[in-house]
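Note sheet for the following structure.
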Amino acid sequence: MNAGQTRTRLYLAGDRGMVGSAILRRLRAAEAAGQPVEVITRPHAELDLRDQAAVRRFFAEEKPDQVILAAGRVGGIYANMTLPADFIYDNLMIAANVINESHAAGVQRLLNLGSSCIYPREVAQPMAESALLTGPLEPTNEPYAIAKIAAIKLCESYNRQHGTDYRSVMPTNLYGPGDNFHPQNSHVLPAMIRRFHEAVRDGAEVVTIWGSGKPRREFLHVDDMAEAALFVMTLDRRIYEANTQPMLRHINVGSGTDVTILDLARIVAEVTGFTGRIETDPSKPDGMMRKLMDVGRLAAMGWQARICLREGITETYRWFLEQSRNVIREA
């Protein structure tokens with residue numbers, strides 16, 4: 001996708017999601033700058049990726065050269081625990097349809113976006129790519145993780161059997177503009193931002209966070225993720241394969257640092273202006289006690305994150321406030 005190359009038709013699946021929209025912003029900027037890339041998108045209302053026949057028709061009509069698979073059902077602990085069937089079915093069907101129909105349509109290069117939850121619950125930290133399938137998964141999101149593991153293995157299997165160049169990147173916990181701030185179905189960081197914002201608005205003296213506050217989590221700004229995804233997508237195949245293995249082709253993407261949930265809450269409190277008490281609720285699940293990605297493989301290829309956590313949370317909170325103002329103006 002560099003200047004001077006033949007124009008590339010790239011289908012971005014999931015462009016309305018947080019990660020997909022961040023990737024789309026970069027791709028649109030590349031188009032505007034005259035780079036030879038044409039981005040193809042479809043909203044869910046027009047193309048249900050769980051429908052194999054619809055996906056097949058789409059690929060036959062549009063004939064993309066490359067595909068980025070950023071679509072899927074996502075959510076936090078509560079959503080994963082209450083909708084396990086939806087999470088495994090939707091994500092399995094999306095991955096199977098997009099990857100299979102990409103091959104059927106002659107797509108040679110595809111990038112599949114996964115999740116750090118693919119790794120076992122009890123795994124050495126930081127989590128290396130080689131830890132995949134070495135132990136039981138975290139029960140609270142096992143169905144989602146199984147679907148994401150299946151997508152990795154689909155890519156590897158098509159590569160082995162058909163010689164395709166289908167790659168997978170496994171991001172750590174992502175956040176940023178476009179995140180889901182639903183009070184029950186969101187991930188930990190956007191849920192915290194909303195909770196502390198509402199506490200300041202309502203004059204609350206206490207904010208209670210789920211779990212003990214002791215688990216450690218790694219966070220990556222979605223703009224960093226978008227940059228990393230396109231970096232991996234455009235790597236020379238020889239470099240990509242030299243830094244991976246035939247049955248372990250996926251690459252971790254993260255910041256390389258983590259923070260306790262309690263310390264995360266303290267940062268969010270400072271950013272939102274909350275000055276009351278922060279309490280924990282140990283009756284709620286903690287999930288894995290630590291989830292830190294080993295990002296050595298990606299660093300060796302020449303990429304590392306740029307946006308620090310406090311800066312990223314501050315920017316995300318500004319975006320949240322702007323969206324809130326837009327809702328008020330439209331009401």
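Before moving on, here are some points about what is shown:
- Given +1 at the Cβ of Lys and Arg, -1 at the Cβ of Asp and Glu and no other charges, the dipole of the range 129-208 around its Cα centre is 200 debye to the nearest 20.
- Whole-number Å³ per residue for the convex hull built on Cα positions in the range 1-67: 81 Å³
- Restricting the calculation to Cα atoms, the range 136-290 yields a radius of gyration followed by a Dmax of 18.9, 61 Å.
- For residue 168, residues with placed amide H under 5 Å, excluding near neighbours: 112, 251
- 15 Å cut-off, amide nitrogen to a point 7 angstrom out along residue 205 Cα→Cβ, residues in the range 268-286: 275-279
- Considering only alpha-carbon pairs that sit under 8 angstrom and 6 or more positions apart, the relative contact order computed for the chain is 18 percent.
- Selection from 275, 207, 75 lying farthest towards where the dipole of the chain points positive, charges on Cβ: 75
- Relative contact order (%) - the range 85-191, alpha-carbon pairs under 8 angstrom, separation at least six: 33 percent
- Amide N proximity, the range 65-106 versus residue 281 label position 7 Å along Cα-to-Cβ, cut-off under 16 Å: 76-82
- Here the label points at residue 323 and residue 237, each 7 Å from Cα along the C-beta direction, are separated by 3.9 nm in the simple model.
- The simple spin-label model puts a point 7 Å past each Cα toward its Cβ; for residue 266 and residue 56 those points are separated by 5.8 nm.
- For the range 240-306, convex hull volume per residue from C-alpha positions, Å³: 111 Å³
- Calculated log₁₀ intensity ratio I(q)/I(0) where the Debye formula runs over C-alpha points of the range 79-205, q = 0.13, 0.19 Å⁻¹: -0.66, -1.13
- Computed with the Debye formula from one identical point scatterer per Cα of the chain, without solvent, the log10 of I(q)/I(0) at q = 0.14 Å⁻¹ comes to -1.15.
- Positive-pole candidate from 85, 173, 155, dipole of the range 58-181, charges at beta carbon: 155
- Note: the range 1-150, Cα convex hull, 131 Å³ per residue.
Every read-out reported here was derived from the displayed coordinates using simple, explicitly stated rules and does not represent laboratory data. The model shown is predicted, which means the values in this text are computed figures rather than measured ones. Methodologically, a virtual Cβ is constructed for each residue, glycine included, from the backbone with ideal geometry; neighbour enumeration extends over all protein chains shown.
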